[in-house]
1. From the list VAL271, VAL325, VAL285, VAL301, exactly one residue is of a type in the set (Val, Ile, Thr) and in contact with a Leu (Cβ under 6 Å, 6 or more places away or on another chain). Which is it?
2. Can you tell me how many residues within the stretch 21-45 are surrounded by fewer than 18 Cβ atoms within 10 Å (Cβ to Cβ) and either in contact with a strand residue (DSSP E or B) (Cβ under 8 Å, 6 or more places away or on another chain) or part of a loop (DSSP other than H, G, I, E, B) (or both)?
3. Of the residues that sit in the stretch 343-374 and are of a type in the set (S, T, N, Q) and open to solvent by 10 Å² or more (accessible area, probe 1.4 Å), which one is nearest to VAL74 (Cα to Cα)?
4. With ASP378, ASP354 as the choices, which residue is touching a helix residue (DSSP H, G or I) at 6+ places or on another chain (Cβ under 8 Å) and of a type in the set (Asp, Glu)?
5. Tell me which of these PRO360 doesn't satisfy, since it passes every other one: (1) more than 26 Å from GLU305 (Cα to Cα); (2) modelled with pLDDT of 85 or more; (3) out of contact with any helix residue (DSSP H, G or I) (no Cβ under 8 Å at 6 or more places or on another chain); (4) part of a loop (DSSP other than H, G, I, E, B).
6. The conditions are (1) surrounded by 15 or more Cβ atoms within 10 Å (Cβ to Cβ); (2) in contact (Cβ under 8 Å) with a residue 24 or more places away in the chain, and LEU256 fails exactly one of them. Which is it?
7. Looking at the stretch 1-30, which of the residues that are among the hydroxyl-bearing types (Ser, Thr, Tyr) and more than 29 Å from LEU114 (Cα to Cα) is farthest from the chain's Cα centre (by Cα)?
8. Evaluate the stretch 207-214: report whether one residue or more is of a type outside the set (Gly, Ala, Ser), at pLDDT below 95, buried (at least 21 other Cβ atoms within 10 Å of the Cβ) and within 22 Å of the chain's Cα centre (by Cα).
Amino acid sequence: MDKSVITRVVTVAGGRFAPGHLGELTQQVPFEMVDAVLEETCRLQRRVRDLPARVVVYLLLAGCLFAELGYPQVWARLTAGLGGLPVPAPAASAMTQARRRLGPAPLRELFFLLRGPSPADARWRGLLVVAVDGTIMTVADSPANLALYSKHKGGATGGSGYPQLRLLALVACGTRTVIDAVFGPTASGETAYAADLTRSLRAGMLLLADRNFGYGPLARKIAAAEADFLIRVKTGRCAPALPVLTRLPDGSWLSLLGGVTVRVIDAAWTVTTSAGRFTSDCRLVTTLADPARYPASDLAVLYHERWEIETAYLELKSTILGGRVLRARTPDGVEQEAWALLVTYQALRTAIADAASTAPGANPDRASFTIALNTARDQVTLAAGVIADSSIDLAGQIGRLVLANLMPPRRLRISPRVVKRAISKYNARGKVNRATYQATIDIAILAPDLPPEDKP
């Protein structure tokens, strides 16, 4: 009977540091970076325990890759590929104590080192297109968490079952890498947190944002950072005053928002599908005032790139977490876990962007985040690719599998923004069409109405 024998060489850190790795993603979050952060935050251990501080950092990051498992099972994945090495078997209580000793500061500083756009991020007319938006995450329902994070009240279902955390991120639209992030209790709104993210805006960036961010004080902060913006603003009673100062040939006009000179674009979107046709109006304000260099119709199309941040939140909350709540039962633990989740997401996104850069013409939009996540999990279990070889492999196993399984180009389609799987079996809104349709979209730029004295 024929047999096949496979042998592998596993290279990891020595001694009690051996379980401290993240598989191939360790090359995105190397030992030296983790040790530097631990020293900076004064979290280096005085003596080497069974769970050194560096190992605890990787345990937290691996816990985000294996969100459905408890930390003892995550530890089993970290040590599964280390057969033959004497590795400790810490109890769950020991892991809890080690995470508390570590605190959130090292993970926060680690994120600040890793954050930022990828060199592979495409530019739109020389500008790096970024987007800002917020999302809600749920945390463990414990007395300690309830002291800081509140539950949402009201609604048909009586409110949320878990305390909630508000997360705001600044994301590069080309690769969905995270440039900056802030989070905290939902008692503060998105606009309050958004002001903190302007610290990461630079000249050469174009910020996309929805109607919630179209107000004067934020426009001033973005302009002070020398970045440009393209923001949808409200219309109707709550609309900001945007007087017509100068009319432009393409139908847009110059105005003021919070003392910042902006160009206002009124557009009508007509969506045609096999189920019918509908039109909606959209008002955009931008600091890109030159209609020849930045045509209004091109800006109206570009605004749809804002949805890349919604896709990033889908990957974070659904693909990685699977809709689960954060495990930590204390506010410090929640902060620690949230930073660990952002570090893990950034490492995966950077690995995907690095792989796309090795294949000319590869679009990061076609890279499967699910394949990258599952491959990274496999590499952790095998303890593979922990330490890079002497020859640089920019794509790695994660990148090769992503490039070998690129998704088809995106189709132009629409889907109603409704709950796919309702909490209750009773349909409160009656029959809702949840089908997805291929669509064609026509955009018309609307000129502002003339005042009575100017009408012929």
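1. Numbers: VAL271 fails: in contact with a Leu (Cβ under 6 Å, 6 or more places away or on another chain); VAL325 fails: in contact with a Leu (Cβ under 6 Å, 6 or more places away or on another chain); VAL301 fails: in contact with a Leu (Cβ under 6 Å, 6 or more places away or on another chain).
Selected residue: VAL285, the only one of VAL271, VAL325, VAL285, VAL301 that is of a type in the set (Val, Ile, Thr) and in contact with a Leu (Cβ under 6 Å, 6 or more places away or on another chain).
2. Going through the stretch 21-45 one residue at a time, the tally reaches 4.
3. As a first pass, look at the stretch 343-374 and keep what is of a type in the set (S, T, N, Q): 344, 346, 350, 357-358, 363, 368, 370, 374.
If we keep only those that are open to solvent by 10 Å² or more (accessible area, probe 1.4 Å) too, we end up with 350, 357-358, 363, 368, 370, 374.
Values: THR350: 23, SER357: 32, THR358: 32, ASN363: 33, SER368: 24, THR370: 19, ASN374: 15 Å.
Ranking the candidates gives ASN374 first.
4. Numbers: ASP378 fails: touching a helix residue (DSSP H, G or I) at 6+ places or on another chain (Cβ under 8 Å).
Among ASP378, ASP354, only ASP354 is touching a helix residue (DSSP H, G or I) at 6+ places or on another chain (Cβ under 8 Å) and of a type in the set (Asp, Glu).
5. (1)
6. (2)
7. Among residues in the stretch 1-30 that are among the hydroxyl-bearing types (Ser, Thr, Tyr) and more than 29 Å from LEU114 (Cα to Cα), the one farthest from the chain's Cα centre (by Cα) is SER4.
8. Looking for residues that are of a type outside the set (Gly, Ala, Ser), at pLDDT below 95, buried (at least 21 other Cβ atoms within 10 Å of the Cβ) and within 22 Å of the chain's Cα centre (by Cα), one finds at least one in the stretch 207-214, hence yes.
The values are calculated or read from the model by the stated rules, or taken from the named source; none is laboratory data. Because the structure is a prediction, the values reported are computed rather than measured. Neighbour counts run over all protein chains shown; Cβ positions are idealised from the backbone, glycine included. Heads up: the accessible areas ignore ligands, DNA and RNA and are worked out on the full protein's heavy atoms, side chains in. Shrake-Rupley method; radii C 1.70, N 1.55, O 1.52, S 1.80 Å.
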